[in-house]
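Notes for the one structure printed next.
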Amino acid sequence: MNIKVMTFNIHHGRGIDKKLDLNRISQVISKSKADIIGLNEVDSFFSKRSLFTNQIETLANHLNFYFAYAPSLTKTNSTLEKPSQFGNGLLSRYPITKTETHLLSLRSKLTEGRSILESTLNVKGTAVKVYITHLSLHPFLHKKQSRFILEHVKDKALILGDWNMRSGSLKWKRITAKFNDAWFMAGVGNGNTFPSTKPKIRLDYIFATKGIDTIDVQVLDYIPIASDHLPVLGTFSI
(Lines give C-alpha, C1' and ligand atoms only; values in the text may rest on other atoms or scores of the structure.)
Protein backbone atom coordinates (compact mmCIF):
# COMPACT_ATOMS: atom_id res chain seq x y z
CA MET A 1 0.00 0.00 0.00
CA ASN A 2 1.36 3.43 -1.00
CA ILE A 3 0.89 6.64 0.99
CA LYS A 4 1.95 10.22 0.32
CA VAL A 5 3.68 11.98 3.21
CA MET A 6 4.63 15.64 3.53
CA THR A 7 6.78 17.64 5.94
CA PHE A 8 6.28 21.41 5.95
CA ASN A 9 7.52 24.20 8.22
CA ILE A 10 4.70 26.73 7.78
CA HIS A 11 6.25 29.63 9.76
CA HIS A 12 2.92 30.15 11.59
CA GLY A 13 1.26 30.80 8.25
CA ARG A 14 3.22 33.95 7.52
CA GLY A 15 4.86 34.05 4.11
CA ILE A 16 8.04 35.75 3.01
CA ASP A 17 5.85 38.63 1.84
CA LYS A 18 5.00 39.13 5.57
CA LYS A 19 1.35 38.26 4.93
CA LEU A 20 -0.48 35.87 7.27
CA ASP A 21 -2.40 33.52 4.99
CA LEU A 22 -3.34 29.96 5.99
CA ASN A 23 -5.25 29.62 2.72
CA ARG A 24 -1.95 29.44 0.85
CA ILE A 25 -0.73 26.69 3.17
CA SER A 26 -4.00 24.84 2.62
CA GLN A 27 -3.67 25.21 -1.15
CA VAL A 28 -0.17 23.73 -1.13
CA ILE A 29 -1.34 20.74 0.91
CA SER A 30 -4.45 20.22 -1.21
CA LYS A 31 -2.53 20.36 -4.50
CA SER A 32 0.06 17.88 -3.23
CA LYS A 33 -2.62 15.25 -2.53
CA ALA A 34 -0.65 14.25 0.56
CA ASP A 35 -2.26 11.74 2.90
CA ILE A 36 -0.19 12.53 6.00
CA ILE A 37 1.28 15.96 6.70
CA GLY A 38 3.71 16.91 9.46
CA LEU A 39 3.74 20.64 10.21
CA ASN A 40 6.28 22.73 12.14
CA GLU A 41 5.90 26.20 13.66
CA VAL A 42 2.15 25.93 14.16
CA ASP A 43 0.38 28.42 16.45
CA SER A 44 -2.57 27.63 18.69
CA PHE A 45 -4.14 30.77 20.20
CA PHE A 46 -0.54 32.00 20.42
CA SER A 47 -0.48 35.74 19.78
CA LYS A 48 -1.45 38.61 17.50
CA ARG A 49 1.04 37.35 14.90
CA SER A 50 -1.45 34.59 14.00
CA LEU A 51 -4.57 36.41 15.19
CA PHE A 52 -4.91 34.01 18.14
CA THR A 53 -6.06 31.29 15.73
CA ASN A 54 -5.95 27.55 16.38
CA GLN A 55 -4.07 26.95 13.17
CA ILE A 56 -4.01 23.15 13.12
CA GLU A 57 -7.75 22.93 13.69
CA THR A 58 -8.40 25.62 11.07
CA LEU A 59 -6.35 23.74 8.47
CA ALA A 60 -7.93 20.40 9.38
CA ASN A 61 -11.44 21.79 9.05
CA HIS A 62 -10.66 23.40 5.72
CA LEU A 63 -9.09 20.22 4.30
CA ASN A 64 -11.42 17.79 6.07
CA PHE A 65 -8.51 15.96 7.73
CA TYR A 66 -8.00 14.44 11.15
CA PHE A 67 -5.49 16.35 13.26
CA ALA A 68 -3.22 16.21 16.30
CA TYR A 69 -1.03 18.79 17.99
CA ALA A 70 2.05 18.83 20.24
CA PRO A 71 3.02 22.14 21.86
CA SER A 72 6.70 22.94 22.23
CA LEU A 73 5.90 26.11 24.13
CA THR A 74 2.90 26.87 26.33
CA LYS A 75 2.18 30.17 28.04
CA THR A 76 -0.78 31.55 29.91
CA ASN A 77 -2.86 34.34 28.45
CA SER A 78 -5.08 36.35 30.76
CA THR A 79 -7.49 37.26 27.95
CA LEU A 80 -8.02 33.71 26.68
CA GLU A 81 -9.57 30.70 28.36
CA LYS A 82 -7.18 28.40 26.51
CA PRO A 83 -3.36 28.37 26.72
CA SER A 84 -1.25 30.02 24.05
CA GLN A 85 0.87 27.40 22.32
CA PHE A 86 3.44 26.96 19.56
CA GLY A 87 4.59 23.61 18.22
CA ASN A 88 4.14 20.72 15.79
CA GLY A 89 1.00 19.49 14.09
CA LEU A 90 -0.28 16.47 12.19
CA LEU A 91 -2.93 16.35 9.47
CA SER A 92 -4.13 12.96 8.26
CA ARG A 93 -6.68 11.50 5.87
CA TYR A 94 -6.67 8.46 8.13
CA PRO A 95 -7.98 8.15 11.69
CA ILE A 96 -5.49 8.98 14.44
CA THR A 97 -5.80 6.29 17.10
CA LYS A 98 -3.16 7.49 19.58
CA THR A 99 -1.03 10.57 20.22
CA GLU A 100 1.68 11.47 22.71
CA THR A 101 3.74 14.61 23.21
CA HIS A 102 7.39 14.33 24.24
CA LEU A 103 8.99 17.55 25.44
CA LEU A 104 12.58 17.54 24.23
CA SER A 105 13.57 20.78 25.94
CA LEU A 106 11.80 23.56 27.78
CA ARG A 107 11.98 27.16 26.75
CA SER A 108 14.55 29.37 28.46
CA LYS A 109 15.96 32.83 27.88
CA LEU A 110 18.57 31.27 25.60
CA THR A 111 16.70 28.44 23.88
CA GLU A 112 13.34 27.73 22.27
CA GLY A 113 11.17 24.90 23.55
CA ARG A 114 11.16 21.75 21.41
CA SER A 115 8.93 18.69 21.27
CA ILE A 116 8.08 15.62 19.25
CA LEU A 117 4.56 14.52 18.34
CA GLU A 118 4.18 10.74 18.31
CA SER A 119 1.05 9.43 16.59
CA THR A 120 -0.39 6.12 15.49
CA LEU A 121 -2.63 6.15 12.42
CA ASN A 122 -5.07 3.54 11.16
CA VAL A 123 -4.21 3.38 7.46
CA LYS A 124 -6.82 1.06 5.98
CA GLY A 125 -6.38 -1.39 8.84
CA THR A 126 -2.61 -1.02 9.13
CA ALA A 127 -1.12 0.78 12.14
CA VAL A 128 1.42 3.40 11.01
CA LYS A 129 3.63 5.32 13.44
CA VAL A 130 4.46 8.95 12.58
CA TYR A 131 6.80 11.24 14.50
CA ILE A 132 6.95 15.00 13.88
CA THR A 133 9.63 17.25 15.32
CA HIS A 134 11.57 20.49 14.97
CA LEU A 135 15.03 20.25 16.48
CA SER A 136 17.18 22.93 18.06
CA LEU A 137 19.90 24.93 16.33
CA HIS A 138 22.06 24.58 19.45
CA PRO A 139 24.61 21.76 18.86
CA PHE A 140 24.41 20.30 22.38
CA LEU A 141 20.62 20.36 22.47
CA HIS A 142 20.37 19.00 18.93
CA LYS A 143 22.53 16.04 19.88
CA LYS A 144 20.49 15.39 23.01
CA GLN A 145 17.20 15.65 21.12
CA SER A 146 18.29 13.44 18.23
CA ARG A 147 19.58 10.86 20.72
CA PHE A 148 16.13 10.72 22.30
CA ILE A 149 14.57 10.04 18.91
CA LEU A 150 17.13 7.38 18.03
CA GLU A 151 16.50 5.58 21.31
CA HIS A 152 12.73 6.04 21.38
CA VAL A 153 11.72 5.06 17.83
CA LYS A 154 11.73 1.28 17.77
CA ASP A 155 8.71 0.37 15.64
CA LYS A 156 8.25 0.76 11.91
CA ALA A 157 7.75 4.49 11.49
CA LEU A 158 8.15 7.71 9.53
CA ILE A 159 9.98 10.60 11.19
CA LEU A 160 9.27 14.07 9.76
CA GLY A 161 10.32 17.61 10.39
CA ASP A 162 12.69 20.54 10.32
CA TRP A 163 15.91 19.05 11.67
CA ASN A 164 18.06 22.20 11.47
CA MET A 165 21.00 20.27 10.06
CA ARG A 166 22.81 19.97 6.78
CA SER A 167 22.84 16.81 4.73
CA GLY A 168 26.14 14.97 5.17
CA SER A 169 26.93 16.63 8.51
CA LEU A 170 27.82 14.71 11.67
CA LYS A 171 24.29 15.39 12.92
CA TRP A 172 22.88 13.84 9.75
CA LYS A 173 25.23 10.86 9.97
CA ARG A 174 24.03 10.08 13.49
CA ILE A 175 20.43 9.90 12.25
CA THR A 176 21.12 7.97 9.05
CA ALA A 177 23.09 5.34 10.95
CA LYS A 178 19.66 4.05 12.01
CA PHE A 179 17.04 5.60 9.71
CA ASN A 180 16.87 5.91 5.93
CA ASP A 181 16.92 9.46 4.57
CA ALA A 182 14.08 9.32 2.06
CA TRP A 183 15.72 11.91 -0.17
CA PHE A 184 18.84 9.81 -0.55
CA MET A 185 16.70 6.78 -1.37
CA ALA A 186 14.64 8.33 -4.17
CA GLY A 187 15.06 12.11 -4.41
CA VAL A 188 16.37 13.91 -7.48
CA GLY A 189 18.56 17.00 -7.10
CA ASN A 190 19.80 18.56 -3.88
CA GLY A 191 16.53 18.61 -1.94
CA ASN A 192 17.11 22.13 -0.60
CA THR A 193 14.14 23.68 1.20
CA PHE A 194 15.37 26.95 2.74
CA PRO A 195 14.94 29.82 2.03
CA SER A 196 11.86 29.08 0.00
CA THR A 197 12.38 31.43 -2.96
CA LYS A 198 16.05 30.55 -3.49
CA PRO A 199 16.66 27.40 -1.44
CA LYS A 200 20.30 26.83 -0.54
CA ILE A 201 20.04 24.44 2.43
CA ARG A 202 18.21 21.19 3.08
CA LEU A 203 16.67 21.55 6.54
CA ASP A 204 13.47 19.54 6.15
CA TYR A 205 13.63 15.75 6.14
CA ILE A 206 11.59 12.59 5.99
CA PHE A 207 13.24 9.56 7.54
CA ALA A 208 11.91 6.01 7.36
CA THR A 209 12.69 2.93 9.41
CA LYS A 210 13.34 -0.48 7.95
CA GLY A 211 10.26 -2.05 6.44
CA ILE A 212 9.12 1.14 4.74
CA ASP A 213 10.18 1.55 1.11
CA THR A 214 10.73 4.98 -0.44
CA ILE A 215 9.27 5.27 -3.95
CA ASP A 216 9.57 8.97 -4.75
CA VAL A 217 10.56 12.23 -3.02
CA GLN A 218 10.31 15.82 -4.24
CA VAL A 219 10.51 19.40 -3.01
CA LEU A 220 7.33 21.30 -3.87
CA ASP A 221 7.43 24.91 -5.03
CA TYR A 222 3.72 25.44 -5.73
CA ILE A 223 3.50 28.69 -3.72
CA PRO A 224 7.05 29.51 -2.57
CA ILE A 225 6.03 32.73 -0.83
CA ALA A 226 3.59 30.87 1.47
CA SER A 227 6.35 30.13 4.03
CA ASP A 228 10.09 30.60 4.42
CA HIS A 229 10.49 26.83 3.89
CA LEU A 230 9.44 24.64 0.98
CA PRO A 231 7.60 21.40 1.75
CA VAL A 232 8.95 17.92 1.00
CA LEU A 233 6.59 15.24 -0.35
CA GLY A 234 7.42 11.55 -0.38
CA THR A 235 5.60 8.44 -1.58
CA PHE A 236 6.14 5.35 0.54
CA SER A 237 5.16 1.71 0.48
CA ILE A 238 4.15 0.42 3.90
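The values are calculated or read from the model by the stated rules, or taken from the named source; none is laboratory data. Computed from a predicted structure; not experimentally measured. Reconstructed Cβ throughout: ideal geometry from the backbone, glycine too, with neighbour counts over all protein chains shown. Surface accessibility is based on the protein's heavy atoms, side chains included, excluding ligands, DNA and RNA. Shrake-Rupley method; radii C 1.70, N 1.55, O 1.52, S 1.80 Å.
First obtain the Kirkwood hydrodynamic radius of the chain from its Cα pairs, then insert it into the Stokes-Einstein equation at 20 °C and 1.002 mPa s, and state the resulting D in µm² per second as a whole number. All intermediate terms of the calculation are to be shown ahead of the outcome.
Values: Rh = 17.6 Å.
In µm²/s, the coefficient rounds to 122.
Could you work out what % of the accessible surface of segment 1-113 is carbon and sulfur, using a 1.4 angstrom probe and leaving DNA, RNA and ligands out of the count? Walk me through the numbers before you get to the answer.
Values: 2840 of 5710 Å².
After summing per-atom areas, the C and S share lands at 50 percent.
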| Accessible area of GLU57 in the full protein assembly, 1.4 Å probe (Å², nearest 10) | 70
| Amide H contacts of HIS134 (H built 1.01 Å from N, under 5 Å, at least 5 apart or other chain) | SER115
| field | Cα gyration tensor category, rounded, prolate or oblate, for segment 81-217 with a/c compared to 1.5 | value | rounded
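Less than 14 Å Cβ to Cβ from THR214, Lys/Arg counted +1 and Asp/Glu -1: what total charge do the surrounding residues give?
Working: positive: LYS4, LYS156, LYS210; negative: ASP181, ASP213, ASP216.
Every neighbour counted, the sum reads 0.
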| If only Cα atoms are counted, what is the Rg of segment 127-183, and what is its Dmax, in Å? | 10.9, 34
| query | Under 15 Å Cα-Cα from LYS124, which aspartates and glutamates qualify once same-chain neighbours fewer than 8 residues away are excluded? | reply | ASP35
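Whole number please: convex hull volume per residue, Cα atoms of segment 20-118, in Å³.
Details: hull volume 10.8 nm³, N = 99.
Measuring per residue, one finds 109 Å³ for the Cα hull of segment 20-118.
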| message | Need one number: nm distance between label points at ILE215 and LYS200, each 7 Å from Cα along Cα→Cβ, rounded to one decimal. | response | 3.6
| message | Can you tell me which of VAL123, VAL42, VAL188 moves the most in a GNM of the chain? Springs connect C-alpha atoms under 10 Å apart. | response | VAL188
| query | How far apart, in nm, are the 7 Å Cα→Cβ label points at HIS152 and SER237? | reply | 3.1
| Accessible surface, per residue, of segment 1-112 when the full set of protein chains is kept, probe 1.4 Å, Å² | 51
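With a sphere of radius 10 Å drawn around the Cβ of TYR205, what net charge do the other residues whose Cβ falls strictly inside it have (Lys, Arg +1; Asp, Glu -1)? Could the numbers behind the result be given before it?
Numbers: positive: ARG202; negative: ASP162, ASP181, ASP204.
Here the charged neighbours net out to -2.
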| said: Run the reach check for LYS144 against aspartates and glutamates, Cα to Cα strictly under 20 Å, same-chain hits fewer than 8 apart removed. What comes back? | reply: GLU100, GLU112, GLU118, ASP162, ASP181, ASP204
| field | Label-zone membership for segment 34-52, site ASN23, 7 angstrom Cα→C-beta point, backbone N under 17 Å | value | 51
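Restricting everything to alpha-carbon atoms, can you work out Rg to Rh for segment 157-238 with a Kirkwood hydrodynamic radius? Could the numbers behind the result be given before it?
Details: Rg = 12.2 Å, Rh = 12.8 Å.
Dividing the radius of gyration by the Kirkwood radius yields 0.95.
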